[in-house]
Amino acid sequence: MSSTPTTLADLLHNEDVLYNILSNAGTKAHDLTWLWTNCREVSHGFKDAAELVFLRRHLRHTYFSTDLGVYYGDREANLYVNFKFSKLDASDPSQAIFRTEYHTGPRQEVAKRLETRFRNGNSVVEPRLLIRIRSYVNDTRVPGFQGDWERLEIRCDWKGMFTEWFTEEKEHARRLKVVVNSVKEQAAMGDGSQELLFAAMMAFSDSYESIWKKIRAERIRRNARREWEERGGESGWKEPGPDNRGYKQLKEARFDFGFASESSSEESGGEEEGEDGGESVDNQEGY
């Protein structure tokens, strides 16, 4: 346990104090993004405290899901599987294990389709694994992705996964802020009419969605290019398509989860540790 701090400098280097402060951050997307992308950059102490907050409070509200298509058995059913965080790997705490929370359709058929879909990992060109952190959804790259489909489990590098997810969230917020500032400037120069206000609101709405789509397309191209280079660039580079189908599924999931979860998502910190969390992570060391 850390010694009792006596000065402001001591406070800012005391792990317990930092953890208690950061654990009171809110649970909205911008709060979580700030916590992961900004606080972790301040110092080693802030980095450790922020990661412990995610380990204890937010990792247990992190899910993977994928739609496996229609199954024609005794009755027609849409196969869908949802994985929830279970625990850290005891032998390698950098690896998080997610276990099936629920699935539709026969387990054997679900396992078979998961094996087929992810035989070569989670495609970076056509990602089909949704990552939900509380009520916020994206399909960013999952470093260290491994599936054990007989057990219906996924494991991954949880810190790398959060970094990919929140880096994209932060970039969207940055680009959207540019649009907002532009809209404000236009409104300030206008006559304040309802028509101008409506046009500004529509510009914001259109930009919100188009920025997400553009960022996703850029990410797909960047990750595909990296994989191609890692393979030695033996054949000619082929530009990946926009994956409109995948974006449509992501957009629908954002709406569905956001609408369903908004009423239950906490507005501020102070959430009690250990609730709704599957296996407790409070006592896991060496994360």
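The values are calculated or read from the model by the stated rules, or taken from the named source; none is laboratory data. On a predicted model such as this, the values are computed, not experimentally measured, just so you know. Positions of Cβ are backbone-derived with ideal geometry, glycine not excepted, and every protein chain shown enters the neighbour counts.
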With the condition kept exactly as written, say whether any residue in the range 182-189 is in the same structural domain as residue 109 (by TED's automatic domain parsing), within 21 Å of the chain's Cα centre (by Cα), over 23 Å from residue 80 (Cα atoms) and not polar (S, T, N, Q). no
Search the range 188-206 for residues that are within 24 Å of residue 172 (Cα to Cα) and pair each with any residue that is charged (D, E, K, R) and at pLDDT 70 or above when their beta-carbon atoms are under 9 Å apart and the residues are at least 6 apart or on different chains. 200/184
Going by the structure shown, is residue 135 of a type in the set (Gly, Ala, Ser), modelled with pLDDT of 95 or more and either out of contact with any helix residue (DSSP H, G or I) (no Cβ under 8 Å at 6 or more places or on another chain) or assigned by TED's automatic domain parsing to the domain that holds residue 161 (or both)? no
Just checking: which of the strands (runs of 3 or more DSSP E) contained wholly in the range 77-147 hold 3 or more residues that are more than 18 Å from residue 249 (Cα to Cα), of a type in the set (Ser, Thr, Tyr) and under 20 Å from the mean Cα position of the chain (by Cα)? 92-103
Is it fair to say residue 70 is modelled with pLDDT of 90 or more, farther than 26 Å from residue 134 by Cα and more than 20 Å from the chain's Cα centre (by Cα)? yes
Matching residues in the range 30-67 (in contact with a Lys or Arg (Cβ under 6 Å, 6 or more places away or on another chain) and either surrounded by fewer than 21 Cβ atoms within 10 Å (Cβ to Cβ) or not in a strand (DSSP E or B) (or both)) number 7
Of (1) closer than 30 Å to residue 100 by Cβ; (2) surrounded by 13 or more Cβ atoms within 10 Å (Cβ to Cβ); (3) modelled with pLDDT under 70, residue 196 satisfies all except one. Which? (1)
Of all residues being of a type outside the set (Gly, Ala, Ser) and in a loop (DSSP other than H, G, I, E, B) in the range 205-240, which is modelled with the lowest pLDDT? Just the residue, please. 234
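Quick grid of which residues meet (1) under 30 Å from residue 104 (Cα atoms); (2) β-branched (Val, Ile, Thr); (3) free of Cβ contacts under 8 Å to residues at least 60 places away in the same chain:
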{"site": "174", "(1), (2), (3)": "no, no, yes"}
{"site": "178", "(1), (2), (3)": "no, yes, yes"}
{"site": "184", "(1), (2), (3)": "no, no, yes"}
{"site": "227", "(1), (2), (3)": "no, no, no"}
